[in-house]
Every structure is written in C-alpha cells, then in structure tokens.
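The values are calculated or read from the model by the stated rules, or taken from the named source; none is laboratory data. These numbers come from a predicted model, not from an experiment. So basically every Cβ, Gly included, is an ideal-geometry build from the backbone, and we count neighbours across all protein chains shown. Please note that ligands, DNA and RNA were not included when accessible areas were found on the heavy atoms of the full protein model with its side chains. Shrake-Rupley method; radii C 1.70, N 1.55, O 1.52, S 1.80 Å.
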Amino acid sequence: MTTIRPSTLIPLLLLAALAVLPFAAESYYTAFFARVLIYAVAASALNLALGMGGMVSLGHALFLGLGMYSVALPAHFGIDDGWLQLALCVAACGLVGLVTGAISLRTSGIAFIMITLAFAQMGYFLVVSLKQFGGDDGLPIAGASRFFGLELASAEAVYGAAFCLLLALTAWVARLRVSPFGMTLRAGRQNARRVASVGLALPRYQLAAYVLSAVLCGLAGMLLANLNAYASPSSMSWMVSGELIVMVVLGGMGSVFGPLLGALAFLGIEELLKGLTEHWMAIFGLLILAVALLGKSGIAGLLARLDARVPARRSPRLAEGRA
Amino acid sequence: MSAGARPPEGGAPSPGEVVAQRPEGRTMNTLLHTEGLTKRYGALVVTDAVSLDIREGELHAIIGPNGAGKTTLINQLSGELAADAGRVRFAGEDLSATGIAARARRGLLRSYQITSVFDEFTVRENAALAARGARRHAFAFWRGLLQDAAAVAAADAAIAATGLAARAQVIAADLGYGERRQLELAMALAAGPRFLLLDEPMAGMSAQESAAVVELLRGLKRKYTLLLVEHDMDAVFALADRISVLVYGRLLVTGTPDEIRNDPEVRAIYLGDEELHQ
C-alpha cells in the first residue's frame, strides 16, 4: 500500500466523523445530516452518468421522485414492507431509466440536457395531476418502510441506512472508476468516437450507466421519503435536478468522494446562509458562480492540489492514482 | 475472437475469396475486398466505385493527391462511415452493414490521422482498454481493468513494440507529439488486429521520428495485413508491397512500387513531385 494522501485522508476523516455523529448530536442535526447523506447518495448516482459518462442529465429528480412515491404509494394503501417498496422502486426506476435513457442517448450535448429535462417535467406534471394521491400537495406517509425488524421511522434509522448505502456506494465507485466498465464510460466522455474504434459499443455502456444511475437515485428517494414522512412533487422539480448537478460539479465530477463533498458543501452553505439572511439565494448564486469558475475538478480537485504540496514519496504510482 | 474466424493456414479458403499461389506454396487469400464502394456528399463523389483487394499479409499503400478521398475511404473500411453503395468483405464475411465496434472486434483496426488517445489515462490504460475492447465486453464492475491479465499483457507487448515501454505510466496528455502518435499505433496493436488501417501514421513527425515509425512498420509487416495511407513517399515506396493510387475518389491503378513509379498516368498526376521522378 502507498501512503494515504490528503485527497483521500480528509474525506475518510469526514466519513469517520459522520459515522459517530448521530451518537453525539441532537436530533435536529441528525436529521440535517441524514438529508446530506441522502443527497450524497443521489449525487453519487448522478455522478455515474454525469461525472464518469459525461451524460449531463437535468432530469434525475424524476428518479428521486419515483423512489419517494415507491414508498408513499404502497404506504397509502397500508403496505409498509420495505422489500416490496424496494422492488417497486428498482423496477420503476429501471424501466423508466431504460426507456428515457434509450431515447435520450440518441442525442448528445444540449439536446440530451433538454430531453432529460423534458422527461422529468412529464413525470412532475403527471404526479401533480394525480389528485387522488395528493397531487400538488404531496402524499403523507403514515407508516415508514419496514425491512425485517428495522423500521425507517426515526431520523437516526434513516441516517444509519443512508450512511451504510453511501459507504457501500463510495467504495464501489472507487473500484468502478478503474474497472473496464468505468474506464469505458470515462473514455467515452473523453472521445466517444475512439471508444467505438477499439471495439466497444459505447451507447450500450452509457445506457447501462444511465439505468444504474436512475435506480441508485431512486434508492435515495426512498430514504428521503422516509426521512420526511412525506412524498411531494416538488422533489421532482427541475430545480432539484439542477441542485444535484451543482453538487456533483461542486464536489468534483467523476471523483470518488466528490458527491459527498458536494452535497455537504451545498446543503451546509445553504443552511448557514439561511440562518444569516433571507436573501441567502443571492449570496449562494455568487458561490455557485465561483465554483463554476473553479472548473471541472471541484472540491476534490482542490484536495488533490493539496496532495502535490505534501512532499510525499513521488512514486510512479502517483500517475495511476490520478487517472 | 478474431482468431476463430481465421481460415486455417494453407487450408481451403472460404467461398468467395480470391486465392493466388505464393512461391512458397502458401495460399494467399484476399483478406479485405471492396466492390464498387461509393460515397457522395451531395453532388461531390468522394469515393467513386472503388474495388480493392488487400491480400493477407501484405502491406498495401494508398497514395493520392490531397483531397483524393483517402481518409474517407479508410473511414468506410473501418466502418466509421457508411458507404452509399458497394460492399466490404473481410475474411470472407460481408461487413457492409456492420458498425465500427463490431468490425474492430473482428480484427479490423484503425489508427487516426489526428491523434485520438484518451488524454486522462496513462499509456498503459489506453492500450489496455483497446486490448480489452477487442477481446471481451467491458461489463465488469469490480475488478480493475489493469487486473485483466490478458489485456495488460497485450497492452504491454504493444507498448514495447512501439517503443513506449519506459513511458507506460505516463498520462497521455503529458506525452510529446511523436509519443502520442506511437501510442495511437500501440492502441491499434494492443487490440490484436488481423488488419490495420493506418491513416498517415507519420503525419507531423520529425524526420527522425518518421524513420523510427518506418522501422516499426517494417517490423509489423508480415505479422499483420496493413493498409497504409501516407504522404511520405520515401516511406511508402520503401515499405509497400503494392500501391494503389486514388485520384478524385477513383482508383487509378494498383501495382508494385516499380510499376507505380513507372506508370505514365501516375507520373502525370505527381508531375513536379521530385520524389517520384527519382
């Protein structure tokens, strides 16, 4: 093993702190950080499509919403079996992801952004129009999801589930980035034409990543529904899709810890500014502007620059770590 | 995968393949065959009914003045561009309607005139991805690409063959121009090709770098079937077994370097080109 560099060490310390947080903090903070973890999962999901694959989806709130309603709709009919809700969520997000992805991936660039946005808006207005399920007002969830003995009723329980999911997802993404699948996606973002000429049919890999991303985003939606005890169409609005993109870009596109860093920074700054002034959005806008100027590498990129300052042994493996 | 489609050495050729006897008594199959290949952009005919035979194991060069449609022809052979009319047969199989990725998996590989390597990856990762793509699917979500022993072995062999062994760990973006051209070649080689389409592998290289590539291609000759598009006439006449001349999308003549050098029509086209008049 090589020495751990700051860009890895700092996020790991952050994860360690998050692991003990519910045992030390008040319930309010546990709920807040549970939301951070859930958005970090959603951003990780988007990171697969956007960060690795270069697919700028402005419609991932659709999958967040599908996940939420996978909990809320069965709960509305008195079904609180978490496994059933999970199966529903995976099926719904998988199917919708497959269909919308297959259509969206016929385009690229701006057209891809627009078409994913259009699909998400269709989902949004569909939910709004379903008056029997709350429509605009959303759908309260009376009974939380039950997984065997575990009930996702308290903020602590949701926190625990979100933390475990994020941890597993982050560990997997670290492997995925350098796996043949991840390398193919990343290669496609750099030069799609070249991927085909080495024998890999890129659209298939992109579609698989898109579907995977949709399903994982749905899981975040399930957790969010349980945390809020509520599913609302506002979580499916294009603003949420945009926020997820900002989190991914803020954290560092395609990086392993980027989504966590981005979600934490985004929601943390929002929370702090809200406490300062009611015109917090004006300041927040400027901050987002600053991040956009930071470029693609985001916070993870800043940490990586720290690595270069630390006079660690400069082994040839450094090059592999960067890639 | 591609090896499976290869006809046995000296065995019966697949139907439809042109067979000639070499002095050694080995069969000399046509590996790639085009028939009436045509590509138009509006009224402009860029590829005009090109019928070409590339024999297994030969180094076949395509020359022609600028705008003759050489790269367009290569793009149709590699499958990147669909022809408007005509057929492409490769190893006895009609690939006219087959896309570039599927052709690559059959061993029909290409390199690009404008270097297109994956800038964020190391040299080894670039070559390993090319090696993996030609051999197996990439639906693997856990084990690293560099843990795929077969792909890495092929990649390292290709990197060594192109003289990049010392640079294997370097990010492609940090390579010099000549090195990037070498990597371009290494990626094609790592895929384990039967047939290599080389689109101006020496474009923009210094005389020294070009000489190195000529030596490299000499080494590749006979191991692979090569189609070389190149402006460097010294290199073409030194390396090619046969040369085809393309003018305004039409195939003017195909012959040995001597035949081409002495062809009055070719001389007329290249009038003023000192290198052909030697």
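Values as computed for the structure displayed
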| quantity | calculated |
| --- | --- |
| Listed residue (A:174, A:251, A:308) projecting farthest to the positive dipole end of chain A, Cβ model | A:308 |
| Relative contact order (%) - chain B, alpha-carbon pairs under 8 angstrom, separation at least six | 23 percent |
| Simple Cβ-charge dipole of the stretch A:6-311, Lys/Arg +1 and Asp/Glu -1, about Cα centre, in debye nearest 20 | 1380 debye |
| For chain B, with +1 on Lys and Arg beta carbons and -1 on Asp and Glu, the positive-most of B:69, B:225, B:107 along the dipole | B:107 |
| Surface per residue (accessible, 1.4 Å probe) for the protein assembly as shown, Å² | 43 Å² |
| Probe 1.4 Å, all protein chains present, accessible-area order of B:135, A:186, B:89, largest first | B:135, B:89, A:186 |
| Accessible surface ranking that places the most exposed of A:306, B:175, A:126 first, with a 1.4 angstrom probe | A:126, A:306, B:175 |
| Fraction of beta bridges assigned by DSSP in the protein assembly as shown that are antiparallel (%, nearest 5) | 60 percent |
| Nearby aspartates and glutamates by direct alpha-carbon distance to residue A:274 (threshold 18 angstrom, same-chain neighbours under 8 apart not counted) | A:243 |
| Accessible area of the protein assembly as shown belonging to carbon and sulfur atoms, whole % at 1.4 Å probe | 62 percent |
| B versus A: buried accessible surface, summed, Å² (probe 1.4 Å, to nearest 100) | 3200 Å² |
| Shielding score for B:138-151, defined as the mean number of other chain Cβ atoms within 10 Å | 6 |
| Whichever lysines have a C-alpha closer than 27 Å to that of residue B:70, once near sequence neighbours (fewer than 8 apart) are set aside | B:39, B:221, B:223 |
| Relative contact order of chain A, pairs being alpha-carbon contacts under 8 Å that are 6 or more residues apart, as % | 33 percent |
| Chain B, helix-only ellipticity at 222 nm - DSSP H runs n ≥ 4, -39,500 (n - 2.57), divided by all residues, nearest 500 | -9500 deg cm²/dmol |
| Whole-number percent relative contact order across the stretch A:19-107, with pairs defined as alpha carbons under 8 Å at least 6 apart | 17 percent |
| Cβ-placed point charges (K, R +1; D, E -1), dipole of the protein assembly as shown about Cα centre in debye, nearest 20 | 860 debye |
| Taking the convex hull of Cα positions in chain B, its mean projected area over all directions (nm²) | 15.7 nm² |
| Dipole in debye (nearest 20) - the stretch A:84-242, about Cα centre, beta carbon charges: Lys, Arg +1; Asp, Glu -1 | 900 debye |
| Chain B: antiparallel DSSP beta bridges as a percent of all, rounded to 5 | 55 percent |
| Share of pairwise Cα separations in the stretch A:6-311, more than 33 Å, in percent | 21 percent |
